[in-house]
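Have a look at the structure below before the remarks.
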Amino acid sequence: MELYQYVIAIVGGAIAGGINTLAGNGSAITLTILTEVIGLPGNMANGTNRVGVFTQSAAGSWAFHKHGKLNFARSKLNLTLTVAGALLGVATAVQVSNDQFLFVFKYLMLLMFLVLLVKPKRWLKETSEDAKVSLWLAIPLYLALGFYGGFIQMGMGIFYLATMVLVAKYSIIEGNALKSFVVALYTVIVLGIFHYKGLISWDVGLVLAVGQTAGGWYTAKFASKHPKANVIAYWVLIVIVVLALLKLFGLITF
């Protein structure tokens, strides 16, 4: 790697780590760095990206946990099903191309934008301790989220966060905390599978992970303590989704 590639990887990784911790879709940045700046092929970039995804998620989870924002008591089923789905997703990812899936992704992101605009006050509420998700909904929903995360990761944070806020009735910050933890949990296994298949460039992944970890840690620390964190996270989420849509539909390039 050249010096400029190191700089772009670390700075871009830090921005992506912050975005992933507070909203999601930071992998759009890191995957672009890996393919367009570093020059890795698609499947190798997908695997290499998971190194920083794990370190940033682990760092963010620890910061959220230290500030009392992680609620494990009501999340066991969620965690189990999401990890199981992720195993199925990564098994698919090492066999097929992501191109067709990305075609569907932009329409999923458009749907997400509409969801964000409907009843925005729901995104700003605190966690409802009494809310329960029906097993008929929870099992397919969490399995599907895990499959998506194991398959491609990009956008997983946004879809998972929406599920936590709108279905499980978490606050947006506690939803982010659980999102960081569950992503760290299944990414350990995902990394092992990608490594076994020879689809991780560890030297590149570790450089990118330096920035992602720093971004994830400091953003989680900020979000855990700031009194307006829910509002900030909501608006960051909207901005990220809008930028993703503009890029996915070819209206901007970056």
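Right, Val104: more than 17 Å from the chain's Cα centre (by Cα), part of a helix (DSSP H, G or I), modelled with pLDDT under 80 and β-branched (Val, Ile, Thr) or not?
Criteria met by Val104.
Of the residues that sit in the stretch 168-196 and are of a type in the set (S, T, N, Q) and within 12 Å of the chain's Cα centre (by Cα), which one is surrounded by the fewest Cβ atoms within 10 Å (Cβ to Cβ)?
Checking each candidate, the answer is Thr187.
Scan the stretch 125-151 for residues that are of a type in the set (Ser, Thr, Tyr) and in contact with a helix residue (DSSP H, G or I) (Cβ under 8 Å, 6 or more places away or on another chain) and jot them down.
Selection gives Thr127, Tyr142, Tyr148.
Go through the stretch 67-87 and give me each residue that's hydroxyl-bearing (Ser, Thr, Tyr) and surrounded by fewer than 24 Cβ atoms within 10 Å (Cβ to Cβ).
Selection gives Ser75, Thr80.
Looking at Leu114 and the list (1) touching a residue at least 60 places away in the same chain (Cβ under 8 Å); (2) assigned to a helix (DSSP H, G or I), which single condition is not satisfied?
All conditions are met except number (1).
Starting from the stretch 67-79, keep only residues that are under 14 Å from Ala131 (Cα atoms), then list their pairs with residues that are of a type in the set (Asp, Glu) whose Cβ atoms are within a distance under 9 Å, requiring at least 6 positions of separation or different chains.
Asn71/Glu129; Asn71/Glu174; Arg74/Glu129
In this structure, does Gly215 turn out to be in contact with a Gly (Cβ under 7 Å, 6 or more places away or on another chain), farther than 25 Å from Lys125 by Cα and assigned to a helix (DSSP H, G or I)? Spell out how you get there, then give the answer.
Numbers: in contact with a Gly (Cβ under 7 Å, 6 or more places away or on another chain): yes; farther than 25 Å from Lys125 by Cα: yes; assigned to a helix (DSSP H, G or I): yes.
So Gly215 fits the description; yes.
Per-residue answers, yes or no, for (1) part of a helix (DSSP H, G or I); (2) among the polar types (S, T, N, Q); (3) in contact with a strand residue (DSSP E or B) (Cβ under 7 Å, 6 or more places away or on another chain); (4) surrounded by 23 or more Cβ atoms within 10 Å (Cβ to Cβ):
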{"site": "Arg122", "(1), (2), (3), (4)": "yes, no, no, no"}
{"site": "Ser128", "(1), (2), (3), (4)": "no, yes, no, no"}
{"site": "Ala138", "(1), (2), (3), (4)": "yes, no, no, no"}
{"site": "Gly146", "(1), (2), (3), (4)": "yes, no, no, yes"}
{"site": "Gln153", "(1), (2), (3), (4)": "no, yes, no, yes"}
{"site": "Ala162", "(1), (2), (3), (4)": "yes, no, no, no"}
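Across the stretch 38-66, what is the total count of residues that are more than 19 Å from the chain's Cα centre (by Cα) and surrounded by fewer than 16 Cβ atoms within 10 Å (Cβ to Cβ)? Before you say what the answer is, go through the steps one by one.
Pass one, the stretch 38-66, residues more than 19 Å from the chain's Cα centre (by Cα): 38-41, 66.
Now narrow it down to the ones that are surrounded by fewer than 16 Cβ atoms within 10 Å (Cβ to Cβ): 39, 41, 66.
Qualifying residue count for the region: 3.
For the stretch 197-240, enumerate the residues that are surrounded by fewer than 17 Cβ atoms within 10 Å (Cβ to Cβ) and among the charged types (D, E, K, R).
Hits for the stretch 197-240 are Lys197, Asp203, Lys225, Lys228.
Kindly list the number of the only condition in (1) assigned to a helix (DSSP H, G or I); (2) of a type outside the set (D, E, K, R); (3) within 26 Å of Leu108 (Cβ to Cβ) that fails for Leu251.
(1)
Quick one: is Leu206 part of a helix (DSSP H, G or I), of a type in the set (A, V, I, L, M) and within 21 Å of Trp62 (Cβ to Cβ)? Give the steps one after another, and end with the answer.
Numbers: part of a helix (DSSP H, G or I): yes; of a type in the set (A, V, I, L, M): yes; within 21 Å of Trp62 (Cβ to Cβ): yes.
It is true that Leu206 is part of a helix (DSSP H, G or I), of a type in the set (A, V, I, L, M) and within 21 Å of Trp62 (Cβ to Cβ).
The values are calculated or read from the model by the stated rules, or taken from the named source; none is laboratory data. Source: prediction; values computed, not measured. Ideal geometry is used to build each Cβ from the backbone, glycine not excepted, and the neighbour counts take in all protein chains shown.
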